[in-house]
Amino acid sequence: MKTFFSTLIILFLSINLSAQGYQIGDKAISFNLLNVDGKFVALDDYGAAKGFVIIFTCNHCPFSVAYEDRIIALDQKYKDLGYPVLAINPNDSLRAPSDSYSHMIVRAREKGFTFPYLLDADQSIAKAYGATRTPHVYILKKEHGALVVKYIGAIDDNHEEAQKVKSKFVEEALDDLLAGNNPKRDFTKAIGCSIKFEK
């Protein structure tokens, strides 16, 4: 009986820990998701990349909308340095109709997104990563054939006004990585709308 309960406790803990998603230093899974251009995009497609800026975002959330221009600027600045942005919409379109695939196509065209805008249709990637907000950022670095999580959190310290930003968390982390160091600040609290998971 003792063994049975011990097994149950271990199983509960493993499920509970896995539900938390990634921590700094974890190895992230790759993915193959549908882009707004109708093609599938996988991390393996980026052979020359040093890593990735994965941003869980969406159409309807005012936080995500406020960051769209800053996300474009991040991609334009860092993709040629080896860290392209890949945006992922994880929301259930039944709960958030404006986050449907057809609306994603329109939004990407309207804003002139310079990066893939991918649909996490079954929400498995958001759950694996542990994303809870939009936007929610994960910086991955390629190390010895693995994708290692180096930063998790917010884009910067002011979601309301870009002109009043004092700390550009993602840029600082990327600059540290490009200088050959681990980010001095590798975790911040993601601020935004809750991801609309299926009920």
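FYI, it's all coordinate maths here, none of it is from the lab. Because the structure is predicted, anything quoted here is derived from the model rather than measured. Positions of Cβ are backbone-derived with ideal geometry, glycine not excepted, and every protein chain shown enters the neighbour counts.
Would you kindly derive the ³J(HN,Hα) couplings of region 28-44 from the backbone phi angles with the Karplus curve 6.51 cos²θ - 1.76 cosθ + 1.60 (θ = phi - 60°), listing them in order in whole Hz, with x for Gly and Pro?
Couplings: 8, 7, 7, 7, 9, 10, 6, 8, 5, 8, x, 9, 8, 10, 10, 4, 5 Hz.
Amide H to amide H under 5 Å from Phe187: which residues, 5+ apart in sequence or cross-chain, H placed 1.01 Å off N in plane?
Those qualifying (amide H under 5 Å, at least 5 residues apart or on another chain) are Ile152.
What order do you get for 69-79, 32-42 when each peptide is scored by the mean count of other beta carbon atoms within 10 Å, highest first?
69-79, 32-42
With an 8 Å Cα cut-off and a minimum separation of 6 or more residues, compute the relative contact order for the chain in percent.
Over the chain, the number comes to 26 percent.
So which of Lys111/Lys199; Lys27/Lys77; Lys27/Lys196; Lys77/Lys184; Lys142/Lys164; Lys50/Lys168 end up more than 29 Å apart by C-alpha?
Working: Lys111/Lys199 31 Å; Lys27/Lys77 25 Å; Lys27/Lys196 25 Å; Lys77/Lys184 20 Å; Lys142/Lys164 33 Å; Lys50/Lys168 20 Å.
Those over the limit are Lys111/Lys199; Lys142/Lys164.
How would region 126-199 be classified by its alpha-carbon gyration tensor: rounded, prolate or oblate, with rounded meaning a/c under 1.5 and the a/b versus b/c comparison settling the rest?
Since a/c reaches 1.5 but b/c is at least a/b, the shape of region 126-199 is classed as oblate.
For the chain, can you list the cysteines whose C-beta has no other cysteine C-beta under 4.7 Å from it?
Here Cys58 come out as lacking a disulfide-compatible partner, given the Cβ-Cβ threshold of under 4.7 Å.
Over all directions, what mean area does the Cα convex hull of the chain project, stated in square nanometres?
12.8 nm²
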